[in-house]
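The next block holds one structure in the form of structure tokens; read it before the comments.
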Amino acid sequence: MEVTALGRLTLYPAGGKYQLVVRQIEAVGEGLWRLAFERLRGLLASEGALDPDRKRRLPAVPATVGVVTSRTGAALRDVVSVVHRRAPWTRILLSDCRVQGKDAAPEIVAALDRIVRHGGSDVIVLTRGGGSVEDLWAFNEESVARAVLACPIPVVSAVGHEIDVTIADLVADFRAATPSAAGEAVVPDARELRRELEATVERLTGSLRGVVERGRRTGRDRAGQITRAMRESLSERDRAVSGASTRLDILSPLATLERGYAVPLADDGTVLRRASMFKPGSPYDLRIADAIVRSVTDEVRGLPERRE
Amino acid sequence: MTDDVRSFEATMAELESIAGSLEGEDLELDEALALFERGVRRLREAARLLDAANGRVEELIEEAEGYWELHPVRAEEEVDGEAPTGE
């Protein structure tokens, strides 16, 4: 490494000796920083703190994301905008701290500790925007590394730009290259979840169809008819998952059956809703929660106070 | 909402297992319908989460040890337009 020394140089001619009395010494470039970084990294590595096995999995869909950063920093804005673009339901809890200067390390440790003691966060993002080696230094302090290692909640770090790697990045459960990348790492994209749900709707419908087909082959034909009628009314609707909620409402009568209601069905699967649909002496199926009761209409009486 | 989110993964896992049972097991029709119906309920819960857009940004402030205050962070307060200054 290279240093700049400022002082007083004396030559002793008798012995041919030089003496340098240094008043000030400074590292040139990043020499000293690099040295301190490597020393701490070596120490942590020797303790096994950097083992990939130590890394915890991040929750797939966190309800609350704790963010340890400066209230006024661009990093917070980036994390918030990416998280809410992808997963707009996510709650974000900011734990404010300075992210540079001599007080930054203890403030970062305290801010992490607040999130942990508050207990409401599922994952933590420790972040700040880009800066010089000196600006980012707090994230290379041993106290910050220890706090991240001891944190019971998974920590994602995103310090500086892509090329900056800090000790905090090394000990975190996941290192994101930038604050925006941290936002992407902590929450799923709603569009992907929607596609997943859509696929599940298709799969469930398809598998029910399979059950019906099998039932048919084994002679449970009438039951098959009823299910088919239900399934057909299902698939008429649009295929989007937002539409799925409405589409699935059609099935809620099934829950109603559990409460003791029954649905009379004609042999072709039509629901018999009106008195006019029942002919005395004609058979129909009464669908109850756990069976189909083959029935015959005896007599049809109108209700005295029937209101539409 | 928090509970909805927490249950999202569990819901997806349950749907997976329901679909698996419907596909693999030789079920009575009523059993199949009951399973399907449960799946439908779960799907509806999960879809409700995806339609929600109410995530807030709050600052966690400790008033006294263990006493928390949550201050809403408004968009214009989130950033001063500069890189973090710290000092």
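The values are calculated or read from the model by the stated rules, or taken from the named source; none is laboratory data. This one's a predicted model, so the numbers in the text were calculated from it and none came from an experiment. Every residue, glycine among them, receives a Cβ derived from its backbone with ideal geometry; neighbour counts consider all protein chains shown. Please note that ligands, DNA and RNA were not included when accessible areas were found on the heavy atoms of the full protein model with its side chains. Shrake-Rupley method; radii C 1.70, N 1.55, O 1.52, S 1.80 Å.
Only sites in a loop by DSSP and with at most 10 other Cβ atoms within 10 Å count here; which trypsin sites (Lys or Arg not before Pro) in segment A:1-109 make the cut?
A:Arg57
Per-residue accessible area for A:Trp33 at 1.4 Å probe radius, Å² rounded to 10?
Near enough 80 Å² of accessible area.
Taking 25 °C and 0.890 mPa s as the conditions, I'd like the Stokes-Einstein D for segment A:267-308 in µm²/s, using the Kirkwood hydrodynamic radius from alpha carbon pairs.
Estimated via Stokes-Einstein, D reaches 209 µm²/s.
What GluC sites (Glu not before Pro) does segment A:113-215 have in DSSP loop regions with at most 15 other beta carbons within 10 Å?
Listed in order of number, the matching sites are A:Glu134, A:Glu162.
Need one number: buried accessible surface between chains B and A, 1.4 Å probe, both sides summed, DNA, RNA and ligands left out, in Å² to 100.
For chain B against chain A, roughly 5500 Å² becomes buried.
Between B:Glu31 and A:Arg274, what FRET efficiency comes out of the Förster formula 1/(1 + (r/R0)^6) with R0 = 25 Å and r the beta carbon distance, rounded to 0.05?
Using R0 = 25 Å, I get an efficiency of 0.20.
Lys/Arg Cβ at +1, Asp/Glu Cβ at -1, dipole of segment A:5-153 taken about the Cα centre: which of A:Leu11, A:Pro88, A:Leu40 is farthest positive-ward?
It is A:Pro88, whose Cα lies furthest towards the positive end.
Treat each spin label as a single point 7 Å out from the Cα along the C-beta direction, and report the A:Leu149 to B:Trp68 distance in nm.
It is 2.7 nm.
For segment A:23-53 and segment A:124-186, what is the separation of their C-alpha centers, rounded to whole Å?
When both Cα centres are located, 16 Å separates them.
Taking Cα atoms of segment A:1-48, Rg/Rh with Kirkwood Rh, to two decimals?
Rg/Rh for segment A:1-48 comes to 1.29.
Can you find, among A:Val123, A:Val61, A:Ile108, the residue sitting farthest towards the positive end of the charge dipole of segment A:47-181, where Lys and Arg contribute +1 and Asp and Glu -1 at Cβ?
Value: A:Val61.
Check A:Leu126: other-chain or 5+ apart residues with amide H under 5 Å from its amide H, H built from backbone geometry?
A:Val68, A:Val156, A:Ser157, A:Ala158
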